[in-house]
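Shown next, in structure tokens, is the structure this report addresses.
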Amino acid sequence: MKEFDPILVEVMKNELTSIGEEMGIAMHRTARSLIAREGSDFSTALVDAEGRLIAQGLTIGIHLGYIKGVMREVLNKFGGTLRPGDIIVSNDPYWGMSHLPDIVLVAPIFWRDQLVAFSTIVAHHTDIGGRFAGGMGIACAELYEEGLRLPGVKLYEAGTPNRELLDTIAANVRVPDDVIGDLQAQAVACRQGERGVQQLLDRYGLATFESCNEYLRRYSDQMIRKGIAAIPDGDYVYEEFFEDDGFGGPGVRLKLTLRVHSDSVTVDFTGSDPQVRSAINVPFTLTCASTYVAFRSALGADAPANQGLFEAIEVVAPPGCVVNPRFPAAVGARGMMLWRIIDMVFGALAQAMPDKVYAAGDGGPSMVWSVWDSGPNEPPDVSFFGGGSSGWGGRPDRDGVDGVNAMAIGGAAQAAPAEMVEREIPVLLEGVGFVPDTGGAGKFRGSLSVYRRYRFLKSGRVSLRMCRTESLPYGLCGGRDGTPARAILFSNGDQVELPRRMLIETRVQPGDVLLYVHPGAGGYGDPMDRDPGRVLQDVLDRKLSPDYAERVYGVAVDIANAKVREDRTAELRHPRH
């Protein structure tokens, strides 16, 4: 581009995002597992020849930070030896990834015999072998226990699949059809990205492609720096006590110091506890990714997803601490702590700019997965079938969104439809709904708790992951904290409340029922400042009971006439002394 052309840059930005989206569509349509086809637990991206992110499909934001670390390793290992048709595969948490079930494919893109870019896709897989089905068991002390480790090797070479590697993967996982099928779908997605970039280059040429990407990268950097510059300079410290070390023992101390200087920021986890002997440790790449996505959410920068989003944010964590463990520490259950990192960044930012940050969400997606008993001499039937969240915390100008996933993983996406789950897995999803009088009260309330009720049709072992058990999602600016999680197992006429632990494993028999209530999110602002009309609507929608509305919000409701009782409300909110 000889001179700046804003229309061309905008077209290029949308073209690149569309290619990422087309990669995601290809994955959806060709994937084998339920989690990929319906859960959409994957993310697509395009990277330039130097390994810098240039675009991402509109999928899971938390994967945004993986690619930076992965591409550094790919370029270091393979350098100039890559050829058209090659695809690199890895799941190594110490090679840029986050835990073994997340597998990345990286495909070089050539145009006129020159390496010009890469297409990449990260996808969560149903199983990866190891001691615990699903690869997320908390009671592992070393990475070796957690499953098959792929240290950055060629899955395809010059377009030819590596059959020996595929056979090795299939021999080491419990559900080879799902895993191999999803890997093949990822390869299809990479090829789709390759075609899209090559067609783009055919239209615009390499010089225009690179100059537009350079401009978009600078623009994203400027937008993030503009948001950071609006934060008052200073150090903001936030501490959390993660309530479970993974074995029901003492909790884990987390400390974050957010240092803002002009238009850049350092997020320093010095002071956090050393890595633990369970699998809740968070690889440094994921610590960075969690920090990046928190800043992008909080600053609300309308900027393209590319390398420019990272440049102004430095993440520091001492080697050997729980958010930067040393090899071979186990990390399979890292998902429980990563959401706490995001909440900590928001908590620190709230000290500096409370009018821009929302209260804590429900703590991240809770998950249910199972190993079903099979017949004699048959491998177990493994299914990853449940997940979901309650929603977001209250925001400075509006309520939290009820019944959606965390913003960091796409916001609106939720668990797989009941019909799809029941078609493939021996379980009935008997109910999903909101729990009245939950969530943090506030001028803008946090999202209500969501319950899920599963009836099991076959015997097996069920695991339930909970991301908040004792500490509640915090409220802000006078808003109340969220509400706790609960898990109840109904079996043979007995009702047993399961212990509040990060990971619960239990046997189930046909007819057993698991009721799980997700935590409710934190509220924002004083509940007594909430618009009475909003309280009335929540009561009419059965999100709040009339008694709760009076007791917590000071609003009396006449349900029969669908109106606020003004005199009684004034008396409740402004009592005479």
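Regarding region 258-271, can at least one residue be identified that is small (Gly, Ala, Ser) and buried (at least 24 other Cβ atoms within 10 Å of the Cβ)?
Start the filter on region 258-271 by keeping residues that are small (Gly, Ala, Ser), which leaves 262, 264, 271.
This time we only want the ones that are buried (at least 24 other Cβ atoms within 10 Å of the Cβ), so: none.
No, that holds for no residue.
Just one of (1) in the same structural domain as Glu10 (by TED's automatic domain parsing); (2) among the aromatic types (Phe, Trp, Tyr); (3) under 24 Å from Ala333 (Cβ atoms) trips up Phe269, so point out which.
If we test Phe269 against (1) in the same structural domain as Glu10 (by TED's automatic domain parsing); (2) among the aromatic types (Phe, Trp, Tyr); (3) under 24 Å from Ala333 (Cβ atoms), just (1) comes out false.
Quick check: is even one residue across region 345-359 touching an Asp or Glu at 6+ places or on another chain (Cβ under 6 Å), modelled with pLDDT of 75 or more and not aromatic (Phe, Trp, Tyr)?
No, there is no match, as no residue in region 345-359 is touching an Asp or Glu at 6+ places or on another chain (Cβ under 6 Å), modelled with pLDDT of 75 or more and not aromatic (Phe, Trp, Tyr).
Could you please find all residues in region 482-499 being outside any strand (DSSP E or B) and either under 22 Å from the mean Cα position of the chain (by Cα) or of a type in the set (Gly, Ala, Ser) (or both)?
Restricting attention to region 482-499, the residues satisfying the condition of being outside any strand (DSSP E or B) are 482-485, 492-493, 498-499.
Passing the criteria: Gly482, Thr483, Pro484, Ala485, Gly493.
Give just the number: which of (1) outside the structural domain of Arg452 (by TED's automatic domain parsing); (2) not in a loop (DSSP other than H, G, I, E, B) does Arg507 not satisfy?
(1)
Condition test on Arg507, is it in contact with a strand residue (DSSP E or B) (Cβ under 8 Å, 6 or more places away or on another chain) and charged (D, E, K, R)? Outline the logic, then answer.
Numbers: in contact with a strand residue (DSSP E or B) (Cβ under 8 Å, 6 or more places away or on another chain): yes; charged (D, E, K, R): yes.
Against the criterion (in contact with a strand residue (DSSP E or B) (Cβ under 8 Å, 6 or more places away or on another chain) and charged (D, E, K, R)), Arg507 qualifies.
Would you mention how many residues in region 527-539 are crowded, with 23+ Cβ neighbours inside 10 Å and either of a type in the set (S, T, N, Q) or part of a loop (DSSP other than H, G, I, E, B) (or both)?
1
Considering only region 508-526, state which residues are under 23 Å from Leu472 (Cα atoms) and surrounded by fewer than 22 Cβ atoms within 10 Å (Cβ to Cβ). Talk me through it step by step, then tell me what you get.
Here is the first cut: in region 508-526, the residues under 23 Å from Leu472 (Cα atoms) are 514-526.
Of everything in region 508-526, those that are under 23 Å from Leu472 (Cα atoms) and surrounded by fewer than 22 Cβ atoms within 10 Å (Cβ to Cβ) turn out to be Leu515, Val517, Asp526.
Kindly provide the set of residues from region 110-158 that are crowded, with 24+ Cβ neighbours inside 10 Å and more than 28 Å from Ala330 (Cα to Cα), ordered by number.
If the condition is that a residue be crowded, with 24+ Cβ neighbours inside 10 Å and more than 28 Å from Ala330 (Cα to Cα), then Ala117, Phe118, Ser119 are the ones that fit.
Is one or more of the residues making up region 524-536 over 12 Å from Lys443 (Cβ atoms) and in contact with a Lys or Arg (Cβ under 9 Å, 6 or more places away or on another chain)? Before you say what the answer is, go through the steps one by one.
Step one: filter region 524-536 for residues over 12 Å from Lys443 (Cβ atoms), giving 533, 536.
Then drop every residue that is not in contact with a Lys or Arg (Cβ under 9 Å, 6 or more places away or on another chain), which leaves 536.
Yes, some residue in region 524-536 is over 12 Å from Lys443 (Cβ atoms) and in contact with a Lys or Arg (Cβ under 9 Å, 6 or more places away or on another chain).
Under 7 Å between Cβ atoms, at least 6 apart or on separate chains: pull out the pairs that start in region 399-414 with a residue that is at pLDDT 80 or above and end on any residue that is charged (D, E, K, R).
Listed by first residue and then by second, the contacts come to Asp399/Arg445; Gly400/Arg445.
Kindly check whether there is at least one residue in region 540-559 that is buried (at least 18 other Cβ atoms within 10 Å of the Cβ), outside the structural domain of Gly433 (by TED's automatic domain parsing), of a type in the set (Lys, Arg) and part of a loop (DSSP other than H, G, I, E, B). Give the steps one after another, and end with the answer.
Applying the first criterion (buried (at least 18 other Cβ atoms within 10 Å of the Cβ)) to region 540-559 yields 543-544, 548-550, 552-557.
Among the residues that remain, those that are also outside the structural domain of Gly433 (by TED's automatic domain parsing) are: 543-544, 548-550, 552-557.
Now narrow it down to the ones that are of a type in the set (Lys, Arg): 543.
With the extra rule that they be part of a loop (DSSP other than H, G, I, E, B), the set shrinks to 543.
So far as region 540-559 goes, yes, one or more of its residues are buried (at least 18 other Cβ atoms within 10 Å of the Cβ), outside the structural domain of Gly433 (by TED's automatic domain parsing), of a type in the set (Lys, Arg) and part of a loop (DSSP other than H, G, I, E, B).
Name the pairs: first residue in region 361-381 and part of a strand (DSSP E or B) and crowded, with 19+ Cβ neighbours inside 10 Å, second residue of a type in the set (Asp, Glu) and at pLDDT below 75, Cβ to Cβ under 8 Å, at least 6 apart or on different chains?
Within 8 Å, the pairs are Val371/Asp381; Trp372/Asp381.
When you go through Gly335, Gly308 one by one, which is the residue that is closer than 24 Å to Thr44 by Cβ and more than 18 Å from the chain's Cα centre (by Cα)?
Values: Gly335 fails: more than 18 Å from the chain's Cα centre (by Cα).
Answer to the check: Gly308.
Please pick out the residue among Leu183, Leu201 that is assigned by TED's automatic domain parsing to the domain that holds Ala133, in contact with a helix residue (DSSP H, G or I) (Cβ under 9 Å, 6 or more places away or on another chain) and within 20 Å of Arg32 (Cα to Cα). Quick ask: steps written out before the conclusion?
Working: Leu201 fails: within 20 Å of Arg32 (Cα to Cα).
From the options Leu183, Leu201, the qualifying one is Leu183.
Across region 219-238, which residue is farthest from Ser471 (Cα to Cα) among those that are in a strand (DSSP E or B) and in contact (Cβ under 8 Å) with a residue 40 or more places away in the chain?
To start, the set of residues in region 219-238 that are in a strand (DSSP E or B) comprises 234-238.
Now drop any that are not in contact (Cβ under 8 Å) with a residue 40 or more places away in the chain, which leaves 234, 236-238.
Details: Gly234: 27, Tyr236: 21, Val237: 18, Tyr238: 15 Å.
Only one residue fits best here, namely Gly234.
Please state which one of Met337, Met353 is closer than 22 Å to Asp268 by Cβ, buried (at least 24 other Cβ atoms within 10 Å of the Cβ) and touching a residue at least 24 places away in the same chain (Cβ under 8 Å).
On the way: Met353 fails: buried (at least 24 other Cβ atoms within 10 Å of the Cβ).
Residue meeting the stated conditions: Met337.
Considering only region 159-194, state which residues are loosely packed, with under 14 Cβ neighbours inside 10 Å and under 27 Å from Ser18 (Cα atoms).
Gly159
Just to check your reading of the model, which residue among Ala549, Ala570, Ala560, Ala556 is among the aliphatic types (A, V, I, L, M), at pLDDT 95 or above and more than 21 Å from Ser447 (Cβ to Cβ)?
Ala556
Taking region 277-299, which residues are surrounded by fewer than 23 Cβ atoms within 10 Å (Cβ to Cβ) and not in a helix (DSSP H, G or I)?
Answer for region 277-299, where residues must be surrounded by fewer than 23 Cβ atoms within 10 Å (Cβ to Cβ) and not in a helix (DSSP H, G or I): just Arg277.
Test each condition in (1) in a loop (DSSP other than H, G, I, E, B); (2) modelled with pLDDT under 95; (3) surrounded by 24 or more Cβ atoms within 10 Å (Cβ to Cβ) for Asp302 and report the one that comes out false.
The failed condition is (3).
The values are calculated or read from the model by the stated rules, or taken from the named source; none is laboratory data. As the structure is a computational prediction, the values presented were derived from the model and not from experiment. Note that each Cβ is placed from the backbone with ideal geometry, even for glycine, and that neighbours are counted across all protein chains shown.
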